[in-house]
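Below: the structure, in structure tokens.
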Amino acid sequence: MIETTDPRYGGVYRDVIGHSVTGEAIGIEHYSRMIPLTKSIDERLDLLEDAYREKQHLLGMREVAEQLGLTANTDLDGYYWKQVRAAFQERAEAGDILGCYVMQDIVLEAFAVVMYEAVIPGSTPFAAGVLRGIAGEERTHLAHGIRALKSAYAEDPEGMRERVAFANDRVARVLSEWTRPEQCGISCGVCATTCAKHDLPLIEVDLASVQARFIDDYGRALREIGLPAADVFRWLSQLAA
């Protein structure tokens, strides 16, 4: 049962779960799109495993919804998620698998880690356990992505810089804009009735802190890959504008 008498609690949690399920579904889509772009069986198997893990996260969040007696809305074509999917599709259709890895394994994984961890403190015990497990797996995958792209950067620094610039403008910027504390000026497609942002404090989520932490974690990942500090600073400045 939901441990509060405030009727808004269920609504905001429903919307948070809806965004999580939608994001995991998009992760499944992205990894599936990447499989035909690979040149080795082992890499295909790794991507299949990545897609399966996203499926398990999705099912875990559905179980949270069920435990709380909620029905979450989803929308893969909502205003923000549609932009992310369009950017990924553009690079997938160009055969740019490294660009796809940057978007999915760095930008979106960093975002997922921050969002899942932000919701844990205000969650019921069962939900917090599920969220903690998912966040841990996402953080592990982010670290794996950093190691893989560090090697790719060493081989082609300029190519990696171009890919990160694209991902920064087309994906990270959208996610950073979405996490601003102000209510969305346009429907995201997932929140069932009104924008859930003003009710997020009910589950102890402060969006200004979430946005700052996303920018910080994402920037740290770029620096660990080996990208020049001046470039990272410029990209992050674009997100905070």
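Say whether the condition of being touching a Leu at 6+ places or on another chain (Cβ under 8 Å) and modelled with pLDDT under 95 is met by at least one residue in the stretch 79-88.
Looking only at the stretch 79-88, we keep the residues that are touching a Leu at 6+ places or on another chain (Cβ under 8 Å), and these are 80, 82, 84-85.
Imposing the further condition that a residue be modelled with pLDDT under 95 reduces the set to 80, 82.
Yes.
Can you list residue pairs whose Cβ atoms sit under 8 Å apart, with the first residue in the stretch 209-230 being over 30 Å from residue 197 (Cβ atoms) and the second being surrounded by 14 or more Cβ atoms within 10 Å (Cβ to Cβ) and aromatic (Phe, Trp, Tyr)? Count only pairs 6 or more apart in sequence or on different chains.
From residues that are over 30 Å from residue 197 (Cβ atoms), the pairs are 225/153; 226/153; 227/153.
Within the stretch 13-29, restricting attention to residues that are among the small types (Gly, Ala, Ser) and within 10 Å of the chain's Cα centre (by Cα), which residue is nearest to residue 203 (Cα to Cα)? Don't jump to the end; show me each part of the working.
To start, the set of residues in the stretch 13-29 that are among the small types (Gly, Ala, Ser) comprises 18, 20, 23, 25, 27.
Right, trim to within 10 Å of the chain's Cα centre (by Cα) and you get 20, 23, 27.
Numbers: 20: 15, 23: 20, 27: 25 Å.
Out of the qualifying residues, it is 20.
Could you list, in sequence order, the residues of the stretch 55-73 that are outside any helix (DSSP H, G or I) and either closer than 10 Å to residue 17 by Cβ or aliphatic (A, V, I, L, M) (or both)?
Initial filter on the stretch 55-73 (outside any helix (DSSP H, G or I)): 68-73.
Hits for the stretch 55-73 are 68, 70, 71, 72, 73.
Among what's in the stretch 89-133 and is more than 25 Å from residue 154 (Cα to Cα) and of a type in the set (S, T, N, Q), pick the residue that is surrounded by the most Cβ atoms within 10 Å (Cβ to Cβ).
Restricting to residues being more than 25 Å from residue 154 (Cα to Cα) and of a type in the set (S, T, N, Q), the top hit is 123.
Count, please, the residues in the stretch 52-69 that happen to be aliphatic (A, V, I, L, M) and surrounded by fewer than 18 Cβ atoms within 10 Å (Cβ to Cβ). If you could, list the steps in order and put the result at the bottom.
Taking the stretch 52-69 and keeping what is aliphatic (A, V, I, L, M), we get 58-59, 61, 64-65, 68.
Checking which are surrounded by fewer than 18 Cβ atoms within 10 Å (Cβ to Cβ) leaves us with 59.
Number of matching residues: 1.
Looking at (1) surrounded by 13 or more Cβ atoms within 10 Å (Cβ to Cβ); (2) touching a residue at least 60 places away in the same chain (Cβ under 8 Å), find the lone condition where residue 152 falls short.
If we test residue 152 against (1) surrounded by 13 or more Cβ atoms within 10 Å (Cβ to Cβ); (2) touching a residue at least 60 places away in the same chain (Cβ under 8 Å), just (2) comes out false.
Any chance the stretch 172-189 includes a residue that's of a type in the set (A, V, I, L, M), more than 17 Å from residue 15 (Cα to Cα), assigned to a helix (DSSP H, G or I) and in contact (Cβ under 8 Å) with a residue 12 or more places away in the chain?
Yes, because at least one residue in the stretch 172-189 is of a type in the set (A, V, I, L, M), more than 17 Å from residue 15 (Cα to Cα), assigned to a helix (DSSP H, G or I) and in contact (Cβ under 8 Å) with a residue 12 or more places away in the chain.
Out of the stretch 134-161, which residues are of a type in the set (D, E, K, R) and in a helix (DSSP H, G or I)? Walk me through it before giving the result.
So the first thing to find is which residues in the stretch 134-161 are of a type in the set (D, E, K, R), and the list is 137-139, 147, 150, 155-156, 158, 161.
Those that are of a type in the set (D, E, K, R) and in a helix (DSSP H, G or I): 137, 138, 139, 147, 150, 155, 158, 161.
Among the residues of the stretch 1-45, what is the count of those that are among the acidic types (Asp, Glu), at pLDDT below 95 and surrounded by fewer than 18 Cβ atoms within 10 Å (Cβ to Cβ)?
Number satisfying all stated conditions: 2.
Would you point out which residue out of 164, 205 is in a loop (DSSP other than H, G, I, E, B), crowded, with 20+ Cβ neighbours inside 10 Å and in contact (Cβ under 8 Å) with a residue 60 or more places away in the chain?
Going through 164, 205 in turn, the sole match is 205.
Hey, residue 79 hits all of (1) closer than 30 Å to residue 150 by Cα; (2) in contact (Cβ under 8 Å) with a residue 60 or more places away in the chain but one; which does it fall short on?
Here residue 79 meets the rest and fails (1).
Of all residues in the stretch 30-41 being under 17 Å from residue 95 (Cβ atoms) and assigned to a helix (DSSP H, G or I), which is nearest to the chain's Cα centre (by Cα)?
Our first condition is that a residue be under 17 Å from residue 95 (Cβ atoms); within the stretch 30-41, this holds for 30-40.
Subsequent filtering for residues that are assigned to a helix (DSSP H, G or I) retains 30-37.
Working: 30: 12, 31: 14, 32: 17, 33: 17, 34: 17, 35: 20, 36: 23, 37: 22 Å.
Selected residue: 30.
The values are calculated or read from the model by the stated rules, or taken from the named source; none is laboratory data. The structure displayed is predicted, hence computed values, not measured ones. Note that we place each Cβ from the backbone using ideal geometry, even for glycine, and neighbour counts take in every protein chain shown.
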